[in-house]
Amino acid sequence: MKILFINNSGAGFADYIDVAPGTTVKQFFEKKMSGEDAADYLIRVNRQPVASDQELQANDRVTITATKIAGA
Amino acid sequence: VDIVFIWRLNMNKKDLPSRRNLLFRAADRIHDRLCQVNRRSADHLFASIERLRAYWQVLDDLVNRHRKAHQNCWELAQRQTRSDIIEQIKQLQELVNSVLLSQEQCGPAPISSQACIAEELRQLADEFEDADILPKPGLVVVKTAPIELEGLALGSFAIELHLDRLTEKADVTCFDCVALDSNPASANERITHPHVKDQALCAGEATVPIAKALKEGRINDAFCLVRSVLTTYNPDSPYMAIEDWDGRRCADCGDVEDSDDLCYCNRCENDFCSNCISSCDICDASFCSQCLERDPVSGKYCCNSCRFECAQCNRIVDSGSFVEESGLCPQCHEKHQQPTQSEEIDHEHSTETTSASASTATAAAAA
């Protein structure tokens, strides 16, 4: 199934991607942001805060934004 | 700075129609600005394509000339046109690369619809303590929670998105970060946050994602990214380091000064105020008075690299006066030279006497 994934890290990424049905938010985060701590990120699904075990649905809009970014 | 919160996004239900109206008007305005940015980007692309055409025309002419030279077996002309063709291709390649790069960096982005932008604006009320739209100055404003970085309380900030600036450039310069309970650096009141000066955020690693989010109309994401920078301290490149927030002291007199006004001593590596810093009279580099020594004869203040000590009288000598061959000051060198000179005079005198006696003897023999 397709979801809209918006990753605000690095150069920024916003596109539709395929995920397996039944993928939870936690699993999705671990796959896309491997090695990162979920506590350091603002994760929103359809603009709402969600539980880590929530399953993603087709056409969901997932946004991941770092809460700590080094300024200059 | 007092911000009059005219329109609150989290108003009561009875205000819902006006709130929705406001949201859509603001969303429409943002959408319009972003479309202008995209149009300008397209104009820039067309202008670049015209330049490419002109380059190609020159290349085409060169190829024709080369062909003519080849048909007539003009060796010299063939060599010359071939070299010009290669040069033209290189310039064409550079232009193509620069067009592609500029389109990659500033090219048109897929802009969210007005409805999506309105959703983004609505989401601000969920993500921030206060979120407001000020239609008259064209501002979207949010208020952060009080910010504390490594024990330094900086208070809340109003993050302002200036809609008019979006037309010029959709990037972090569209935002102002206004300290609401200002605790500026004591040495410079314009610095209200280690990464904010004159209300402008130096976004560092967030610069690119903020620009991308704005261009695509993801307003809430852009605001969240600005907040992420405000709530993070990067000790590598702040306008003012947290440890110097209360100012930096001159290592000599102890006065607190703005870091930019302090000067660095190249020897002891401390910072000094303008009254306490000095410079070497020989090399002009800056040093503190403790690290300079005065040549009592020339009166020049010299750093450790520009001064010597006379091996005879132990006087400090500036490098301009020091006689390196003897390792002495000019005075000791002169004294040292005197006996040698008198010996030379004696030697010359004795030589003259011997030759005079020899001539007398020769003359006598001839007689």
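The values are calculated or read from the model by the stated rules, or taken from the named source; none is laboratory data. All values derive from a computational prediction rather than experimental measurement. So basically every Cβ, Gly included, is an ideal-geometry build from the backbone, and we count neighbours across all protein chains shown. To get the accessible areas, we keep the full protein, side chains included, count just its heavy atoms, and leave off ligands, DNA and RNA. Shrake-Rupley method; radii C 1.70, N 1.55, O 1.52, S 1.80 Å.
Annotations for the structure displayed:
- Considering only residues in region B:131-155 that are open to solvent by 30 Å² or more (accessible area, probe 1.4 Å) and in a strand (DSSP E or B), the one that is nearest to the other protein chains (Cβ to nearest Cβ) turns out to be B:Glu148.
- Scanning region A:44-72 for residues being surrounded by 18 or more Cβ atoms within 10 Å (Cβ to Cβ), within 29 Å of B:Val172 (Cα to Cα) and either without any contact (Cβ under 8 Å) to a residue 24 or more places away in the chain or away from chain B (no Cβ under 14 Å) (or both) gives a total of 6.
- For the residues A:Glu36, A:Glu30, the requirement of being charged (D, E, K, R) and closer than 19 Å to A:Ile3 by Cα singles out A:Glu30.
- Residues of region B:289-330 that are of a type in the set (S, T, N, Q), touching a strand residue (DSSP E or B) at 6+ places or on another chain (Cβ under 7 Å) and in a helix (DSSP H, G or I): B:Ser289 alone.
- Checking every residue in region B:156-163 against the condition of being part of a strand (DSSP E or B) and within 14 Å of chain A (Cβ to nearest Cβ) gives at least one match.
- Selection within region A:1-43 - away from chain B (no Cβ under 14 Å) and among the polar types (S, T, N, Q): A:Thr23, A:Thr24, A:Gln27, A:Ser34
- Residue that is most open to solvent (accessible area, probe 1.4 Å), among those in region B:228-253 that are more than 13 Å from B:Leu149 (Cα to Cα) and facing another protein chain (nearest Cβ under 8 Å): B:Asp236
- Filter result for B:Asp284 (among the charged types (D, E, K, R) and either without any contact (Cβ under 8 Å) to a residue 24 or more places away in the chain or open to solvent by less than 10 Å² (accessible area, probe 1.4 Å) (or both)): yes
- Test: residue in region B:174-184 that is facing chain A (nearest Cβ under 9 Å), open to solvent by 40 Å² or more (accessible area, probe 1.4 Å) and touching a residue at least 40 places away in the same chain (Cβ under 8 Å): no
- When the residues of region B:287-297 are filtered to those that are without any contact (Cβ under 8 Å) to a residue 24 or more places away in the chain and open to solvent by less than 50 Å² (accessible area, probe 1.4 Å), the one that is nearest to the chain's Cα centre (by Cα) is B:Phe287.
- The number of residues in region B:185-211 that are of a type in the set (Gly, Ala, Ser), more than 7 Å from every other protein chain (Cβ to nearest Cβ) and outside any helix (DSSP H, G or I) comes to 4.
- Evaluation of B:Tyr264 against the conditions (1) open to solvent by 80 Å² or more (accessible area, probe 1.4 Å); (2) touching a helix residue (DSSP H, G or I) at 6+ places or on another chain (Cβ under 6 Å) shows that the sole unmet condition is (2).
- Residue in region B:212-220 that is open to solvent by 10 Å² or more (accessible area, probe 1.4 Å) and away from chain A (no Cβ under 14 Å) present: no
- Residue satisfying all of: in region B:53-85; open to solvent by 60 Å² or more (accessible area, probe 1.4 Å) and among the polar types (S, T, N, Q); farthest from B:Val99 (Cα to Cα) among these: B:Asn72
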